[in-house]
Amino acid sequence: MLDISISRRFWISVPFAVLTIVLGMAMLIPSLHHIVSMQTLNWAQLILSIPVLWLTGTPFLLSAWHSTMNRIATMDTLVAIGTSAAFVFSIVATLFSSLLMEAGIEPHTYYDTTVTILILITLGQLLEIRARESSSNAITGLLSLQPSNARVKRDSEEVDVSVDDLAIGDVLVIRPGERIPVDATIQNGDAEINEAMITGESMPVTKHPGDMVIGGTTNLSSPFTAAVLRTGEDTTLQQIIRVVERAQSSKAPIQKLADAISSWFVPAVLMIAVAAFVVWFDVLPADVRVATSVMHLVSILIIACPCALGLATPTAIVVGTGKGAEAGILIKNAAALESAHKITAIVLDKTGTITEGNPSVVEHAFVTSEDHQHYVSMIAAAERRSEHPIAQALVRYAENQGVTSLSTEAVSVTVGGGIVAEFPEGVLTIGNERFLHNRGVTINDEIGKTTTAWNALGYTVVHTALGNVHTASFAVSDTIRSTTATAIRQLKNMNVKIVLATGDNALTAKTIATQLGISEVHAGIHPEGKLSVIEALQAQGEHVAMVGDGINDAPALAKADVGIAIGSGTDVASEAADVTLMNNDLLSIPRTIQLSRATMRNIKQNLFFAFIYNVLGIPLAAGVLVPVLGLTLNPGFAAAAMGLSSISVLLNALRLKSFSFKG
Amino acid sequence: METTQVVVTFIGIALLVLIAMFFFGSSKGSAMVAQQYTGSQEQRIVVKGGYNPSVIHLKVGVPAKLIFERHETTSCSDQVVFPDFGIRKNLPAHAETIIELTPTHKGDFEFACGMNMLRGKLIVE
């Protein structure tokens, strides 16, 4: 019988409960007592309440019994003891009513109260289950993005296969309007892709052959073919789902207090209830003392609500992280979501963070006027070995000059400095001024003047030397992302201090900082230098966020109070970062702070509500206001309040769903 | 004061002491060392008003399989959360739910129900 679902048990109980309550009310009408005796009404209520107790009361009793065996007291313990006390007292009053009356005790019954408590608390649980489900539906939404089938080219024929059977290298055929099944690299055709579901960016993105498309995004334009890049658990979508799931089950530091309280809360309530019973029993006159004491005991047990305390933080965290994921902001854990609202300073990397990270060579100057073709070929050969955006800019520049293919064996790359390669002609050094200076190269005076002018324009300058002789310099320029200026303005409005930290030369950094209204600049620093910048800010009492790419800036991201990785959409699980932005939009940073602030506000409201509810409700139920205002709490009302308290916490957390980002 | 009142008062005080001793007393739950196999370890945990065993000793670095058998329907125990491992799972009533995790470092890692009332601990050594 108890195997049937909680909702069926509830609905079967409802008519019995309603009848019991109606009879309970009937007892209050004195004129009815001539037609039906009180005793008949009591017996009728007793019989009617048995199915309710059996269906909705037994689960509480069983659960309370099992947890007591483990020396644990839960909400079920309170409900079980509360309803049992009311019910047992009522049975005694029914069976021995004449005996009680002779002893001068009013044989009051609480059948209606017992069923009201059970029905309302069970209804509360039903609603709670529903609200809890809807709080976690961000994951369900993400899961539904992946189509179950994919169209694959096999032996020049197109066949439908299940995504589980896809192998890396399979050629997918994706038609307009279709969802891309897994991460893949475009082979043929250009495509407009809607990536909103992954990155939160509503504008479609144009992709060309060689570009990666993410599984779960939609092809908006023309058909294309793409080679499968990642399958199963490795796809971006699955990684996102894992990150969100992890974050949702992690604990925010703010939860500690509620956790500590909930461990002794229920036993404490049991003790308060017993104490209140004894006090009322001792002070009241004999005729009403038992009935009133029982009522206070039951009210205290029923109104106490440890669940609201337990739900306050996790529910808001679940909704908040889900909301972030929808906007392309992947928050790794609850602690990061909590920490982000305290951000007072942000350290921004330049290349790839405030700029697009896709630089190009805009100026060049050679020391000698001889044939540069061979020299540029050497530069290309060396820089091909580096992944750095500036290295790739030089390679593209060289390719545009029509270089010949050269090879080099010994290449060494210094992060944040430059590159050294050996050629038959000698050692080629490419890098920033400090890097060349450290290797004994003096910059040519004439060219030095030119490069200073480039710096003043905000260009990054790269020098090259053959042996110890400065040979050429290049100006590399990177477009500032279109949203950077707005994002920085928003952050300043939020009273966040902005700091630019870059390996670039001081003049270049200064120019860009001035353009964007950034006053604090640390230029010409190594990646480790960023660590000292962060430490210095932390020493000043700032709560520091570092924004950078997940690879080069990993140590700084880890050092910061909140590490935000940008543009690493392909490396979702980047360990160093607390937050990964699936889009390359700096506006996501003020959004992250907004989301964190909104979530924390929500958690504080929930905790406040859960605390104040118990702090006011328990004394009220204990009857502390009876001597002052004559105000007391009926157990049925206590049950309604208790059912509402958990639900109101859940509903408040769900309000976060409608939170919208400003700007 | 009447006799009944004196009796009720004494019973009440005795109950207060009993409740305090019973729920705040030290010993809580039983400890078990997970069954060791080559390359894996396994522990069955009964969920019935608590976790039994509630303290599970695991070996560091060995993939662990925790089999939760839930023998009740109360909503108190319908979820189990391992915050340090980022795992939150629903435990269907009267069924087994398998949770797999690999402890990567030594220490105590708590787990609890969705509302943190029922608690258990993994001791990784």
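Could you list all residues from region A:402-445 that are farther than 22 Å from A:T368 by Cβ, assigned to a loop (DSSP other than H, G, I, E, B), among the hydrophobic types (A, V, I, L, M, F, W, C) and in contact with a strand residue (DSSP E or B) (Cβ under 9 Å, 6 or more places away or on another chain)? So that I can check it myself, show each step before the final result.
So the first thing to find is which residues in region A:402-445 are farther than 22 Å from A:T368 by Cβ, and the list is A:405, A:407, A:409-417, A:434, A:438.
So of that shortlist, the ones also assigned to a loop (DSSP other than H, G, I, E, B) come out as A:405, A:407, A:409-410, A:415-417.
So of that shortlist, the ones also among the hydrophobic types (A, V, I, L, M, F, W, C) come out as A:410, A:415.
Passing the criteria: only A:A410.
Quick test for you: out of A:S31, A:S90, A:S84, pick the one residue that is part of a helix (DSSP H, G or I), modelled with pLDDT under 90 and not β-branched (V, I, T). Outline the logic, then answer.
On the way: A:S90 fails: modelled with pLDDT under 90; A:S84 fails: modelled with pLDDT under 90.
Testing whether each residue is part of a helix (DSSP H, G or I), modelled with pLDDT under 90 and not β-branched (V, I, T) leaves just A:S31.
Can you pull out the strands (runs of 3 or more DSSP E) entirely within region B:26-102 that have at least 1 residues that are away from chain A (no Cβ under 14 Å)?
Working: elements: B:31-33, B:35-37, B:40-47, B:55-58, B:64-70, B:79-82, B:87-90, B:95-101.
By residue number, B:31-33, B:35-37, B:40-47, B:55-58, B:64-70, B:95-101.
Within region A:616-647, track down each residue that is among the small types (G, A, S) and surrounded by 18 or more Cβ atoms within 10 Å (Cβ to Cβ).
Keep residues of region A:616-647 that are among the small types (G, A, S), which gives A:617, A:621-623, A:630, A:636, A:638-641, A:643, A:645-646.
Within region A:616-647, A:G617, A:A621, A:A622, A:G623, A:G636, A:A638, A:A639, A:A640, A:A641, A:G643, A:S645, A:S646 meet the criteria.
Would you be able to tell me the number of residues in region A:334-370 that are modelled with pLDDT under 90 and within 30 Å of A:L537 (Cβ to Cβ)?
Here the count works out to 11.
State whether the residues of region A:179-191 include one that is crowded, with 18+ Cβ neighbours inside 10 Å, closer than 17 Å to A:G328 by Cα and of a type in the set (V, I, T).
Scanning region A:179-191 turns up no residue that is crowded, with 18+ Cβ neighbours inside 10 Å, closer than 17 Å to A:G328 by Cα and of a type in the set (V, I, T).
Can you tell me which residue among A:I272, A:I300 is surrounded by fewer than 22 Cβ atoms within 10 Å (Cβ to Cβ) and part of a helix (DSSP H, G or I)?
On the way: A:I300 fails: surrounded by fewer than 22 Cβ atoms within 10 Å (Cβ to Cβ).
Of the residues listed, the single one that is surrounded by fewer than 22 Cβ atoms within 10 Å (Cβ to Cβ) and part of a helix (DSSP H, G or I) is A:I272.
With A:V266, A:V288, A:V294 as the choices, which residue is more than 14 Å from A:A621 (Cα to Cα), more than 10 Å from chain B (Cβ to nearest Cβ), touching a residue at least 60 places away in the same chain (Cβ under 8 Å) and assigned to a helix (DSSP H, G or I)? Explain how you work it out, then say what you get.
Details: A:V266 fails: more than 10 Å from chain B (Cβ to nearest Cβ); A:V294 fails: more than 14 Å from A:A621 (Cα to Cα).
Just one listed residue meets the conditions, A:V288.
To keep it simple, each residue is scored yes or no on (1) more than 14 Å from every other protein chain (Cβ to nearest Cβ); (2) assigned to a helix (DSSP H, G or I).
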residue	(1), (2)
A:F16	yes, yes
A:Q45	yes, yes
A:L62	no, yes
A:H108	yes, no
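Rundown of residues vs (1) among the aromatic types (F, W, Y); (2) at pLDDT below 80; (3) out of contact with any helix residue (DSSP H, G or I) (no Cβ under 6 Å at 6 or more places or on another chain); (4) not in a helix (DSSP H, G or I), yes/no style:
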residue: A:G124; (1), (2), (3), (4): no, no, no, no
residue: A:R130; (1), (2), (3), (4): no, yes, yes, no
residue: A:E133; (1), (2), (3), (4): no, yes, yes, no
residue: A:A138; (1), (2), (3), (4): no, yes, no, no
residue: A:L145; (1), (2), (3), (4): no, no, no, yes
residue: A:R151; (1), (2), (3), (4): no, no, yes, yes
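Sort out which residues of region A:461-507 are buried (at least 22 other Cβ atoms within 10 Å of the Cβ), within 37 Å of the chain's Cα centre (by Cα) and over 30 Å from A:H341 (Cα atoms), and write them in order of number.
A:D478, A:D504
Assuming A:S250 fulfils every condition listed in (1) among the hydroxyl-bearing types (S, T, Y); (2) modelled with pLDDT of 85 or more; (3) more than 30 Å from B:F10 (Cβ to Cβ) apart from one, which condition is it?
(2)
Hey, does region B:104-122 have a residue that's within 11 Å of chain A (Cβ to nearest Cβ), of a type in the set (K, R) and under 18 Å from B:S30 (Cβ atoms)?
Within region B:104-122, the subset within 11 Å of chain A (Cβ to nearest Cβ) is B:110-120.
Then drop every residue that is not of a type in the set (K, R), which leaves B:119.
So of that shortlist, the ones also under 18 Å from B:S30 (Cβ atoms) come out as B:119.
Checked region B:104-122: at least one residue is within 11 Å of chain A (Cβ to nearest Cβ), of a type in the set (K, R) and under 18 Å from B:S30 (Cβ atoms).
Go through (1) crowded, with 24+ Cβ neighbours inside 10 Å; (2) more than 8 Å from chain B (Cβ to nearest Cβ); (3) of a type outside the set (S, T, Y); (4) farther than 29 Å from A:V243 by Cα and name the single condition A:A308 misses.
The single condition A:A308 does not satisfy is (4).
Taking region A:67-78 as the region of interest, how many residues are at the interface with another protein chain (Cβ under 10 Å from one of its Cβ atoms) and either buried (at least 24 other Cβ atoms within 10 Å of the Cβ) or closer than 25 Å to A:A621 by Cα (or both)? Show your work before the answer.
First, the residues of region A:67-78 that are at the interface with another protein chain (Cβ under 10 Å from one of its Cβ atoms): A:67-77.
When the remaining residues are screened for being either buried (at least 24 other Cβ atoms within 10 Å of the Cβ) or closer than 25 Å to A:A621 by Cα (or both), the result is A:67-68, A:72-77.
Residues meeting the conditions: 8.
The values are calculated or read from the model by the stated rules, or taken from the named source; none is laboratory data. It should be emphasised that the depicted structure is a prediction, and the values quoted were computed from it without experimental measurement. Every residue, glycine among them, receives a Cβ derived from its backbone with ideal geometry; neighbour counts consider all protein chains shown.
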